[in-house]
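Asks: Here it is, the structure in full.
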Amino acid sequence: MSLEEEKQGQETALEEQSYNAEQITVLKGLEAVRMRPAMYIGSTGTKGLHHLFVEVVDNSIDEALAGYCTAITVTLHADNSISVLDNGRGFPVDIHPEMGLPGVQVAMTVLHAGGKFGAGGYKVSGGLHGVGVSAVNALSAWMVTEVYRDGHIYRQRYERGEAVTSLEIVGKTKVTGTRQTWMADREIFEQIEYHLDIFVQRLRELAYLNKGIKIILTDERPGETQGQTQEFYYKTGISAFVEHLNRNKDPLHKVVYFDRSREDTQVEIALQYNDSYQENILTFANNIHTTEGGAHLSGFKTALTRVINNYGRKAGILKEKDSNFTGDDVREGLTAVISVKLLHPQFEGQTKTKLGNSEIEGIVNSIVGEGLTEFLEENPTTARKIIEKSLTAARAREAARRASELVKRQSALENAALPGKLADCTERDPSKCEIYLVEGDSAGGSAKQGRDRRFQAVLPLRGKILNVEKKRIDQALDNQEIKSLITALGTGITKSASSEGAARDSENGNGNGHSNGNGNGKDDLSTFDVGKLRYDRVIIMADADVDGQHIRTLLLTFFFRYMRPLVEEGHIYIAQPPLFQIRSGKQYTYAKDEDERDRLVKSIGRRDVLVRRFKGLGEMNAEELRDTTMDPQQRTIAQVSLEDAVEADEIFTILMGDKVEPRRNFIEAHAKEVADVDWHGS
Ligand code: 0RA
């Protein structure tokens, strides 16, 4: 067919189409996306904007999973449009029998048509919202699809979801593939500036999760990263992912990897113990990071506990008189990635990131059971290291349990047992209360005087609190400042440090008749209950200097490791004490930094302006502290949010852990922005 004939055919198809009732519902569908974009992509802010990209890339990943695509090239163009090119089979261009339109046009313009065009019927990826590429099209000022197949280059252009050209042949080609280019619509999105970091994070994750796919990312936008190209390609997939997660830790053995399938479900596991006490298990279902865990995680945990106990008994490391290892024991120092690919994933939970398919629990349990048992039997040296790690953990658990009993007893005593130096508020409704955690006794004194005692409590903390990153839980709980903090907040603590939120897991996977040997039937320390939080806002108040920054980081580390839900649910804040006082006559104003100081001094414009620099909170009197940092009408406080638990975990390991070299590298690389990298004030 010539180009002219091809065009002719398309136009006829379009004309017929304009009277077609189906076409009307089509338009309605895409209009609905534009009317309520948040329903389809979550939000019209930064997250939603980046979600468009996730949606498009997922199509190429599906093609890769179907076995036809090996390379994906992503380009951020100077005008803020984006393109994603893959070398798959290319979108089908033949005429769809019911719609009378080329397949690619149907997929691009009909809401939810994507599924019918799923590559090879094995559509496993799909963004959180899984709305398909037509939703991206609807929310783009323009979009251009190019298809390379059958020797032709086809192209079609759309505006706000509607085709504005027919599918045209524009050239010849020897290769196959699809290129999608789109410009997010400024009528829909608050702004269309992309963050390179988000692309890097997702593409690297996809490259780990889909071994052998080469992903290339280029930034053409003017600015610091202009011209940068990065390549993500991991021959060993999630094994490399685990190595990456452990790269700043000291691993005890080579990564253990296995990959097995049952019916239509593929299970891939990579794990490696390191000499730390943290548990870091990342789970994925169809390439989606299931941060809330679910059936695959439960199946894995149960099998891990059973296999390690069985092996420990058989090898005689676990003696007759010893009780079984608990789930926590066998996960101490474990880094693992679990990736399952299944046909009909059900995502549940608050953020739709919990895998609900109950049949997956048994499948993963059985695959891990087989795979791990075989591995341990074939690798006795590694097996011994793993069992000994669990043994140390079990011994420490005993000590920790005693320590936690202490804390539990303390918090059970309610007010009577509240720490002596806590100046509590009179209000009893936690939703109205806040607590200031104040560095140093002298600032604590001013804060106690400057507060509104009806709803503001003050807990002075002496000097630097313990670095919990370097301590095991029982040592952490020996520390007086930490005990005061726990009792004052009233929630108890989560038992460990998993990125998956330790408070949420409950099973301990005992597989064979041995009891776990502590009388209360509860082996763990997860006494955490956010419902018992005594103050809705927990505000960290420390000096604006380096020492203060260190104290903030220590406290954030503690919250991240032992009270993560408080961070996730937005209860943690950072006070912003001013650095300067500017006085003109009887008027006082305050500035948080040099810039603001200069602006204020200029705007006052008088000659008798006096500027005073506060060296620390301790220099402010009670009234000054109230007016600048504590009075809700006048203060600013920054809410701490957890953007990315994987990255935060990594950064805390680097900043607060044992290894000096990565810390130095990190600090050199982020000298100016250390404070913002993982915690975003808002
Ligand atoms: C449906 C069927 C076929 C390929 C695709 C969809 C496909 C879609 C996208 C979207 C981006 N990249 C893509 N690559 C492929 C297979 C058609 C055939 O049998 O050749």
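Asks: With a point put 7 Å past each Cα toward its Cβ, work out how far residue 547 is from residue 112 in nm, to one decimal.
Replies: Result: 6.2 nm between the two label points.
Asks: Sorted by packing (mean other beta-carbon atoms within 10 Å per residue), highest first, where do 295-301, 254-260, 236-242, 50-56 land?
Replies: 295-301, 50-56, 236-242, 254-260
Asks: Hey, another quick one. Hey, with R₀ at 56 Å, roughly what FRET efficiency would residue 80 and residue 429 work out to, going by the Cβ-Cβ distance, to 0.05?
Replies: It comes out at approximately 0.75.
Asks: If you stretched the chain out fully between residue 599 and residue 47, how much longer would it get, using 0.36 nm times the residue separation minus the C-alpha to C-alpha distance?
Replies: Full-extension gain reported as 195.4 nm.
Asks: Between residue 195 and residue 607, what length in nm is gained on full extension when 0.36 nm per residue of separation is reduced by their alpha carbon distance?
Replies: Here the answer is 143.9 nm.
Asks: Going by the alpha-carbon gyration tensor, a ≥ b ≥ c the square roots of its eigenvalues, is the range 199-288 rounded (a/c under 1.5) or, if a/c is not under 1.5, prolate (a/b greater than b/c) versus oblate?
Replies: Note, shape of the range 199-288 comes out oblate.
Asks: By how many nm would the segment from residue 388 to residue 250 grow when fully extended, if each residue of separation counts as 0.36 nm and the alpha-carbon distance is taken off?
Replies: Result for the pair: 48.1 nm of gain on full extension.
Asks: Moving on to the next point. Can you give the FRET efficiency to the nearest 0.05 for residue 230 and residue 164, using r as the Cβ-Cβ distance and R₀ = 35 Å?
Replies: It comes out at approximately 0.55.
Asks: Cβ neighbours within 10 Å, averaged per peptide: list 398-404, 172-178 in order, most packed at the top.
Replies: 398-404, 172-178
Asks: Further, regarding this structure: In whole Å, how far is the Cα centre of the range 262-288 from that of the range 421-500?
Replies: Here the two parts' Cα centres lie 35 Å apart.
Asks: Then there is this: Decide, for the range 277-428, between rounded, prolate and oblate: order the square roots of the alpha carbon gyration tensor eigenvalues as a ≥ b ≥ c, take rounded if a/c falls under 1.5, and otherwise choose prolate if a/b is larger than b/c, else oblate.
Replies: oblate
Asks: Can you tell me which of 149-162, 188-201 comes out highest on packing, and rank the rest after it, using the mean Cβ neighbours within 10 Å?
Replies: 149-162, 188-201
Asks: Still on this structure, I have one more. Residue 258: net charge of surrounding residues, Cβ under 12 Å, Lys/Arg +1, Asp/Glu -1, itself excluded?
Replies: In short, -4.
Asks: Could you please state, rounded to a whole Å, how far the C-alpha centre of the range 132-207 is from the C-alpha centre of the range 543-575?
Replies: If we compute the Cα centre of each part, the gap is 41 Å.
Asks: A follow-up question, please. With a/c under 1.5 counting as rounded, go ahead and sort the range 453-492 into rounded, prolate or oblate using the C-alpha gyration tensor (a ≥ b ≥ c being the square roots of the eigenvalues; past the cut-off, prolate if a/b is larger than b/c, else oblate).
Replies: Prolate, because a/c is 1.5 or more and a/b exceeds b/c.
Asks: Using a Förster radius of 41 Å, what is the FRET efficiency between residue 35 and residue 587 based on their Cβ-Cβ separation? Nearest 0.05, please.
Replies: 0.25
Readers should treat all values here as calculations from the given coordinates under stated rules, not as data from a laboratory. The structure displayed is predicted, hence computed values, not measured ones. Please note: Cβ atoms are built from the backbone with ideal geometry, for glycine as well, and neighbour counts cover all protein chains shown.
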